[in-house]
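This report refers to the structure that appears directly beneath it.
The values are calculated or read from the model by the stated rules, or taken from the named source; none is laboratory data. Owing to the predicted nature of the structure, the values given are computational and were not obtained by experimental measurement. Ideal geometry is used to build each Cβ from the backbone, glycine not excepted, and the neighbour counts take in all protein chains shown. Only protein heavy atoms, including side chains, enter the accessible area calculation; ligands, DNA and RNA are left aside. Shrake-Rupley method; radii C 1.70, N 1.55, O 1.52, S 1.80 Å.
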Amino acid sequence: MPDVEEAQLVGLFSYDNLVHAVAGATGSVTAMSVFFPLDTARLRLQVDEKRKAKYTHEIIAEISQEEGVKALYRGWFPVISSLCCSNFVYFYTYNGLKAVMNHQPAGALKDLCLAFMAGVVNVLLTTPMWVVNTRLKLQGAKFTGEEQRENKPPHYKGILDAFRRIVRDEGVSALWSGTLPSLMLVFNPAIQFMFYEGFKRSLTRITKQALNAWQFFLVGAVAKGIATVTTYPLQ
């Protein structure tokens, strides 16, 4: 039994887990950097329902015209920092749990449970960064709704200043505001990884060889699509 526990501990803090975490964080940062204007348009539409433009390309054009092209990348660094930390925590936790539970047979339920637990850990550890990230990203935004204009967030000098002022003015608990809804959204990556791991095992059995990069990409895209459609009402 001690040997099994030692092997599980080694698996939890292995080099492979670190590689998976770094790869996941790097991939997410690259993807978000490329599609950041789309995320800006999404956030504006969510917080400013009175905006006339309702389609992504219209919102992007409107923001560029009213606030300049740079406004599409406002808050890029806080978002990237949060995303990098979030995905590092998620992938490290998920692969660490896989290593610890390696003695149990693989299956959809196991994949779902491990991915869900990794998501919960991720949310509890990184929610403060996402709270600060949202505040910073909305700085300087021009809102059309009267309520949004009256309740605009204060101007922060940076990430550390935002942390300090939120804790000072609203209390430490404010850094975890929205935690419950975020925990509900954990089902998205959980379902994604359940299908991802299942598709990988099925393709490996069919091809009887290791998957190549394009097959990994396709499997990941299909799994993400299924998870997004399934959990869209929660978002």
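Suppose every K and R has +1 on its Cβ and every D and E has -1 on its Cβ; what is the size of the dipole of the stretch 80-235 about the Cα centre, in Debye to the nearest 20? Don't jump to the answer; show the numbers that get you there.
Values: 16 positive and 8 negative charges, 88 e Å.
Approximately 420 debye in magnitude.
If the segment from Val172 to Lys157 were pulled out straight at 0.36 nm per residue, it would be longer than the present Cα-Cα gap by 3.5 nm. Selection among Gln65, Met32, Val167 by position relative to the dipole of the chain gives Gln65 as farthest towards the positive end (Cβ unit charges, Cα centre).
Given only helices, namely DSSP H runs of n ≥ 4 each adding -39500 (n - 2.57), what is the per-residue ellipticity at 222 nm of the chain, to the nearest 500 deg cm²/dmol? Before the final figure, lay out each step's value.
Working: 11 runs with 173 residues, N = 235.
Roughly -24500 deg cm²/dmol at 222 nm, from the helical runs in the chain.
Its residue count N fixes a reference of 2.2 N^0.38 Å for the chain, and the Cα radius of gyration divided by that reference is 1.15.
Within the chain, how many lysine pairs that are 8 or more places apart, or on different chains, have C-alpha atoms less than 24 Å apart? Lysine pairs, 8 or more places apart or on different chains, close enough: 29. Rounded to the nearest 0.05, what FRET efficiency do Leu18 and Ala213 have when you use their Cβ-Cβ distance and R0 = 22 Å? Approximately 0.60, to the nearest 0.05. Here the stretch 12-46 and the stretch 172-211 have alpha carbon centers that stand 14 Å from each other.
Can you send over the carbon and sulfur percentage of the accessible area for the chain, probe radius 1.4 Å, protein chains only? Carbon with sulfur: 67 percent of the solvent-accessible area. A 1.4 Å probe run over the protein chains yields, for the stretch 177-235, 65 Å² of accessible area per residue, whole-number rounding. Converting phi to 3J(HN,Hα) with the Karplus coefficients 6.51, -1.76 and 1.60 and the offset θ = phi - 60°, the stretch 86-101 yields 4, 6, 4, 4, 5, 5, 5, 5, 4, 6, x, 5, 4, 5, 5, 9 Hz in sequence order, with x at every glycine or proline. With a simple spin-label model that places each label point 7 Å from the Cα along the Cα-to-Cβ direction, the separation between Phe77 and Arg165 comes to 1.6 nm.
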